[in-house]
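Notes for the one structure printed next.
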Amino acid sequence: GQALGRMAAAIYRTAQLRLARGHLIRPALTQFERGEDGFEPRTYSVDTEERPPMNEIAEYASRKVA
């Protein structure tokens, strides 16, 4: 679940970049993990790398679909 939360935050941030091309609302994600004294916050940066569309990848375009 923790990794999926970070992945969802990266997708959300990418959507913000594409829509606004400006200031990001949340460049970090705080998740809570169970610790000895209760829940403890862990903050992760949400860095995304814009990837090209799959049809622009030569290996994908040359692949034959069965």
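The values are calculated or read from the model by the stated rules, or taken from the named source; none is laboratory data. Only a predicted model underlies this, so the values are computations on that prediction, with no experimental measurement involved. Here the Cβ is made from the backbone with ideal geometry for all residues, glycine too, and neighbour counts use every protein chain on show. Note: areas computed on protein heavy atoms with side chains; ligands, DNA, RNA excluded. Shrake-Rupley method; radii C 1.70, N 1.55, O 1.52, S 1.80 Å.
Residue 34: net charge of surrounding residues, Cβ under 13 Å, Lys/Arg +1, Asp/Glu -1, itself excluded?
-3
On a 1.4 Å probe surface of the protein chains, which of 42, 63 comes out largest in accessible area, and what is the full order?
Sorted descending by solvent-accessible area, the residues read 63, 42.
Under a 1.4 angstrom probe, counting protein chains only, how are 12, 44, 60 ranked by accessible area, largest first?
Largest to smallest exposure gives the sequence 12, 60, 44.
Assuming R0 = 25 Å, what is the FRET efficiency of residue 10 and residue 56, from their Cβ-Cβ distance, to the nearest 0.05?
The pair residue 10/residue 56 has a calculated efficiency of 0.75.
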